[in-house]
1. How many residues does the stretch 16-35 contain that are touching a residue at least 60 places away in the same chain (Cβ under 8 Å), more than 18 Å from residue 112 (Cβ to Cβ) and open to solvent by less than 90 Å² (accessible area, probe 1.4 Å)?
2. Those residues that are assigned to a loop (DSSP other than H, G, I, E, B), within 14 Å of the ligand (Cβ to nearest atom) and open to solvent by less than 50 Å² (accessible area, probe 1.4 Å), I need them from the stretch 225-255; list them, please.
3. Looking only at the stretch 256-280, count every residue that is at positive phi and more than 14 Å from the ligand (Cβ to nearest atom) and tell me the total.
4. Just need a number here: residues in the stretch 296-333 that are in a strand (DSSP E or B), small (Gly, Ala, Ser) and on the phi < 0 side of the Ramachandran plot.
5. Which pairs have Cβ atoms under 7 Å, sit 6 or more apart or on different chains, and link a residue in the stretch 121-132 that is within 26 Å of residue 104 (Cβ to Cβ) to one that is near the ligand (Cβ under 6 Å from one of its atoms) and part of a helix (DSSP H, G or I)?
6. Whether any residue in the stretch 212-220 is in contact with a strand residue (DSSP E or B) (Cβ under 6 Å, 6 or more places away or on another chain) and among the aliphatic types (A, V, I, L, M) is what I want to check.
7. Condition check: surrounded by 12 or more Cβ atoms within 10 Å (Cβ to Cβ), over 23 Å from residue 285 (Cα atoms), among the hydroxyl-bearing types (Ser, Thr, Tyr) and in contact with a Lys or Arg (Cβ under 9 Å, 6 or more places away or on another chain). Does residue 213 satisfy that?
8. Across the stretch 189-227, what is the number of residues that are under 19 Å from residue 253 (Cβ atoms) and of a type in the set (S, T, N, Q)?
Amino acid sequence: MTARVPSVSKFMTLERHILDGGRLHPHATGQFSGLLHDLALAAKLVWREVTKAGLVNILGTTDRMNISGDVVKKLDEFADQTIFRMMDHGGHLCVMASEENEDLLHIPEDYPHGKYVLLYDPLDGSGNIDANVTIGSIFSIYQRASVSGKGTMEDVLQPGIRQAGAGYVLFGSSMMFVYSTGHGVHGFTLDPSVGEFLLSHENIRIPKRGRIYSVNEGNSGRWSPAVQRYMQHLKEEDPADGRPYSQRYIGSLVADVHRTLLYGGIYCYPGDTKNPDGKLRLVYECNPLAYLVEQAGGAASDGRVRILEKTPLTLHEHTPIFIGSAEDVERAVKFLR
Ligand code: FBP
């Protein structure tokens, strides 16, 4: 299956696209554009280390474990600190939170507080880092809910529907920056020769229905009968209904969702007897990707409710997720209800 991959239609840099986006909001203060600009620069700094991985001592693990019990990889830690240090002094943010840190990440006292909140997964797909498989970073942006000064839990535990923007960075055969601020989903590819992100995927629209499903089948023995019935349904012979589907699973959420956005189909990380709420984090992974996929015309559910309508109760809570083409998610939910 080949996606409709537009070539660089016009030399639109990410910088210019962000500024044009800002002009859509007459009362904009420039904080949002500044925030996105700094995020793009942080991504380039992480990319520089990712491309050197294997040559310098950045592969392998630290002796630290994150709150989800994952051993923190060196590149994870580097990405986490680079994004924090890049974002803490621009005056755009009142607070941050990262998948790699148990608590809120406050803006250092000597820097100004802004009106935005940043949540990020510094390096998604960390299990694939040492195998040189595509990994990425995921980010989610909100306007603050609290009034002023230091940000609070109230600012970070907002339902995904309130996001002001979201995106991901893909560290693959090329580096991409894919984001939305509520005006469609746009993808930019880094041209290393000029160090600029150039618009390569304008206004991405996910196909209404796909022919690919993406799930870790290794967990199938722990799935509920309803999930097993749904996955079996996708594998049954019914050419008139476009089945059986093909199976693809990279094991890096950001890469599996990027493919799903371009080719259509569905990515699933169901709950199971070992992890009733699945493995993926609501605020760092599922909310931003659900925002993007919905902006591209798709859907995202936990099997019962729309991901974006869930109100997070804790920073690191997990949720089952079924995300992708609208008709595919609708069918999955029908099987699960
Ligand atoms: P992190 O790498 O950010 O911890 O994310 C979790 C993740 O690696 C996803 O990228 C991926 O989709 C999933 O876990 C793979 O899990 P599993 O190995 O259980 O299929």
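The values are calculated or read from the model by the stated rules, or taken from the named source; none is laboratory data. The structure presented is a predicted model; accordingly, all values stated were derived computationally and were not measured. Virtual Cβ from ideal backbone geometry, glycine too; neighbours counted across all protein chains shown. Please note that ligands, DNA and RNA were not included when accessible areas were found on the heavy atoms of the full protein model with its side chains. Shrake-Rupley method; radii C 1.70, N 1.55, O 1.52, S 1.80 Å.
1. 2
2. Restricting attention to the stretch 225-255, the residues satisfying the condition of being assigned to a loop (DSSP other than H, G, I, E, B) are 236-237, 242, 244-245, 248-252.
Now restrict to residues that are within 14 Å of the ligand (Cβ to nearest atom): 248-252.
251, 252 - these are the residues of the stretch 225-255 that are assigned to a loop (DSSP other than H, G, I, E, B), within 14 Å of the ligand (Cβ to nearest atom) and open to solvent by less than 50 Å² (accessible area, probe 1.4 Å).
3. Residues of the stretch 256-280 at positive phi: 264-265, 278.
Then keep just the ones that are more than 14 Å from the ligand (Cβ to nearest atom); that gives 264-265.
Counting residues in the stretch 256-280 that are at positive phi and more than 14 Å from the ligand (Cβ to nearest atom) gives 2.
4. To start, the set of residues in the stretch 296-333 that are in a strand (DSSP E or B) comprises 299-301, 306, 318, 321-324.
After this cut, where a residue has to be small (Gly, Ala, Ser) as well, the list is 299-301, 324.
Okay, now just the ones that are also on the phi < 0 side of the Ramachandran plot, so 299-301.
Counting residues in the stretch 296-333 that are in a strand (DSSP E or B), small (Gly, Ala, Ser) and on the phi < 0 side of the Ramachandran plot gives 3.
5. Pairs found: 124/253; 125/253.
6. Going residue by residue through the stretch 212-220, those that are in contact with a strand residue (DSSP E or B) (Cβ under 6 Å, 6 or more places away or on another chain) are 212-215.
Next, from what is left, pick out any that are among the aliphatic types (A, V, I, L, M): 212, 215.
Looking through the stretch 212-220, at least one residue is in contact with a strand residue (DSSP E or B) (Cβ under 6 Å, 6 or more places away or on another chain) and among the aliphatic types (A, V, I, L, M).
7. no
8. Here the count works out to 4.
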